[in-house]
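**Student:** Could you have a look at this structure, given as structure tokens, before my questions?
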């Protein structure tokens, strides 16, 4: 058995406390990095109004009907399809890697102003009320899917035309 004994002095205690505090702060900062979005910080969207505001800030107009919600358990590891979907998420400033094996909620909204398409939906994935990903998808056969990024109108985004709100 190994026993270590040392005399405790006030400076040693203070240094030990300081080191522990630095480690805790570092861990907190690193754990929050996984929720950072393209907007520069985590987006908390615990209620419907905040989720709608998030999408409206990206330029999407939503149908007034209630959103649909589903609980989804992400697989424990990436398969080919989920890896491709995560690449799409990363291009929009999100990353699903930290949430593999976790239960997330998927909120679905009907988008009413997507250029040239009538059947478009916005999906937002939340983990503990924080937006961790999502997409904009056409519901027609052979349609499109892209990450949660500003709506493109011609060569400009809606945010460039009207300025970013919030």
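**Student:** Identify the single condition in (1) part of a strand (DSSP E or B); (2) within 15 Å of residue 59 (Cβ to Cβ) that residue 123 does not satisfy, given that it satisfies every other one.
**Tutor:** Checking residue 123 against (1) part of a strand (DSSP E or B); (2) within 15 Å of residue 59 (Cβ to Cβ), the one that fails is (2).
**Student:** If you don't mind, there's one more thing I want to ask. Looking at the range 58-71, which of its residues are within 17 Å of the chain's Cα centre (by Cα) and either free of Cβ contacts under 8 Å to residues at least 24 places away in the same chain or over 18 Å from residue 137 (Cα atoms) (or both)?
**Tutor:** Result: 71, single match.
**Student:** I would also like to ask the following. Quick one: count up the residues across the range 2-56 that are under 36 Å from the mean Cα position of the chain (by Cα), outside any helix (DSSP H, G or I) and either more than 30 Å from residue 89 (Cα to Cα) or modelled with pLDDT under 70 (or both).
**Tutor:** The qualifying residues number 8.
**Student:** Is it true that some residue in the range 100-108 is touching a helix residue (DSSP H, G or I) at 6+ places or on another chain (Cβ under 8 Å) and modelled with pLDDT of 95 or more?
**Tutor:** yes
**Student:** Suppose the filter is surrounded by fewer than 18 Cβ atoms within 10 Å (Cβ to Cβ), under 14 Å from residue 59 (Cβ atoms) and modelled with pLDDT of 90 or more; does residue 165 pass it?
**Tutor:** Answer is no for this residue.
The values are calculated or read from the model by the stated rules, or taken from the named source; none is laboratory data. It should be emphasised that the depicted structure is a prediction, and the values quoted were computed from it without experimental measurement. As a convention, Cβ positions derive from the backbone with ideal geometry for all residues, glycine included, and neighbour counts pool all protein chains shown.
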